[in-house]
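Participant: The structure that follows is given in the form of structure tokens.
Read-outs throughout are calculated quantities, based only on the coordinates presented, and are distinct from any laboratory measurement. In this text, all values refer to a predicted model and were calculated from it rather than measured experimentally. Cβ placement follows ideal geometry from the backbone for every residue including glycine, while neighbour counts extend to all protein chains displayed.
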């Protein structure tokens, strides 16, 4: 996801669903890749100044649930392949255990800086605590497992394992042929372009100036919303009272000046034109993405 700067999904779960299938993945023939759905981000922000905001390019972005669905399919394909070669208890890492704050690369909750007053008062600029521990899967570093997974041994290509032919490139090669990854290069590049261009518009510059003056009136010398990074220590374990005040003032000044809405409106206009100018390429990417998601859905359904 773009740091500064989010679509239709398959089986998109609610933001706070509980966990995944209860079957033991270490048992042969049991469901493979495990997905936990605690605290997944909503498709559109539900709190703060970004509540309900979605940019036009988000319709062409892969969501968090899309990414997890594809990775789950890749993991299930890997598990099935490894089990064929005798690794009956083969596992992959649990998925969905460390969800992001945003559903996609637009990073709308913080695209225009901090926008949630409740979060500011509790965490300062730090993300809310979420996620769960994930137990590393066993066996993955065993020499025989590496040989089957990669189709290589000691730097040399291996074509069989214990008398049985290996797929080209091992199980990893088989996975790549079965399930491709989601290509987000174009839409993320366009999203970055609109983000940069929006900051140069007269309306955003004026609103940013008003926000800067509001912050100055509260004792903070900051030219734009990114300058706040210089006034607190991200390396500190928790937010200090000074950071809490800075973050709170930041969001309250955004509220008072309407900065977020102005910025969003300006960028929306830019993105609408970008979508129009790049429609064929964006639709082509979305078609390939839908095909990949359909393949992933079939593999995941068969695994369970």
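Participant: Name the helices (runs of 4 or more DSSP H) wholly within the range 120-215 that hold at least 1 residues that are surrounded by fewer than 17 Cβ atoms within 10 Å (Cβ to Cβ) and in contact with a strand residue (DSSP E or B) (Cβ under 9 Å, 6 or more places away or on another chain)?
Facilitator: So the answer is 143-150.
Participant: Further question: I'd like the full set of residues that are part of a helix (DSSP H, G or I) and under 28 Å from the mean Cα position of the chain (by Cα), limited to the range 216-241.
Facilitator: Matches in the range 216-241: 225, 226, 227, 228, 229, 230, 231.
Participant: Then there's this: Any residue at all in the range 242-249 that is in contact with a helix residue (DSSP H, G or I) (Cβ under 7 Å, 6 or more places away or on another chain) and not in a helix (DSSP H, G or I)?
Facilitator: Checking the range 242-249: not a single residue is in contact with a helix residue (DSSP H, G or I) (Cβ under 7 Å, 6 or more places away or on another chain) and not in a helix (DSSP H, G or I).
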